[in-house]
Amino acid sequence: MKKVGVIMGSDSDLPVVEKAIDKLKEYGVPYEVHVYSAHRTPAQAGEFSRTAKEKGFGVIIAAAGKAAHLAGALAANTTLPIIGIPIKSSTLDGLDALLSTVQMPTGIPVATVAIDGAANAALLAVQILAVSDEALAEKLRRSRSAEAKKVLEKNAGVEEEFNHPGGKEA
Ligand code: RP5
C-alpha cells in the first residue's frame, strides 16, 4: 500500500496532527511524520515533496498555522494529492492559515479541510488510497455504517424523550 506523508510546519502543530496519525493507525495505513517548514526549512520541504512519489507515498497531508504556505509549497513540487490542514495557532484563530492554505492559484490544487480538521484530513487520505484498494474501501464503508448506527441510536433516545406523550415536549 502507498504511504501517507504527514508533514507539519512546527512541532507545536503536533497536538492537532496527532488526530490524523491516530486515524491512519486505525485504518492500518502506513505513514511517515516529519516537521518541515515552508519558511524555516524550505530546502527540506521541497526535497521531500520532489522525491515523495518515488519513495512510495500516495498522498501528503500538510499541517501549518499562521501564514500557512506549507501545503502549497509541497504541492508546487509534486503531482501527488496534497491535503492541507490549517492550524489554529495565532491571534487570528486559524482564519489566517485557512485562507493561506485554501486560496491556491489554478494549476496547483490543495484539498483543504477545516481549521484543525486533522481527522478528516486522514480520512480523505484513506479515501484517496481506497480508490485502488477494495479492502480499504470496505473498512471505510463499515466505519460509516457504524457511525450512522450510533447517530440513529442517539436519535432514537432523543425521539423517545421528546416525541411521546409524557415526554418533555409532549
Ligand atoms: C507555522 O507557524 C507552524 O505550522 C505553526 O503552526 C506556527 C507557529 O510555529 P512555532 O512558532 O510554534 O514553531 O509555521
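The values are calculated or read from the model by the stated rules, or taken from the named source; none is laboratory data. Predicted model, so just to flag it, every value in this text is computed and none were measured. Cβ placement follows ideal geometry from the backbone for every residue including glycine, while neighbour counts extend to all protein chains displayed.
The figures follow:
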{"item": "Residue within the stretch 138-153 that is more than 20 Å from Asp22 (Cβ to Cβ), touching a residue at least 24 places away in the same chain (Cβ under 8 Å) and surrounded by fewer than 16 Cβ atoms within 10 Å (Cβ to Cβ) present", "result": "no"}
{"item": "Qualifying residue in the stretch 26-37 (condition: within 19 Å of Val126 (Cβ to Cβ) and charged (D, E, K, R))", "result": "yes"}
{"item": "Hits in the stretch 1-22 (condition: of a type in the set (A, V, I, L, M, F, W, C), crowded, with 16+ Cβ neighbours inside 10 Å and within 11 Å of the ligand (Cβ to nearest atom))", "result": "Ile7, Met8, Val16, Val17"}
{"item": "First in the stretch 2-24 and within 17 Å of Gly84 (Cβ to Cβ) and modelled with pLDDT of 95 or more, second anywhere and of a type in the set (Val, Ile, Thr) and within 11 Å of the ligand (Cβ to nearest atom), Cβ under 6 Å, 6 or more apart", "result": "Met8/Val17; Met8/Val35; Asp13/Ile87; Val16/Ile87"}
{"item": "Residue within the stretch 90-97 that is closer than 20 Å to Ala119 by Cα, polar (S, T, N, Q) and in contact with an Asp or Glu (Cβ under 8 Å, 6 or more places away or on another chain) present", "result": "no"}
{"item": "Of the criteria (1) of a type in the set (Val, Ile, Thr); (2) out of contact with any helix residue (DSSP H, G or I) (no Cβ under 8 Å at 6 or more places or on another chain); (3) in contact (Cβ under 8 Å) with a residue 24 or more places away in the chain, which one Ile61 fails", "result": "(2)"}
{"item": "Wholly within the stretch 23-111, helices (runs of 4 or more DSSP H) carrying at least 2 residues that are surrounded by 16 or more Cβ atoms within 10 Å (Cβ to Cβ) and within 11 Å of the ligand (Cβ to nearest atom)", "result": "70-75, 95-102"}
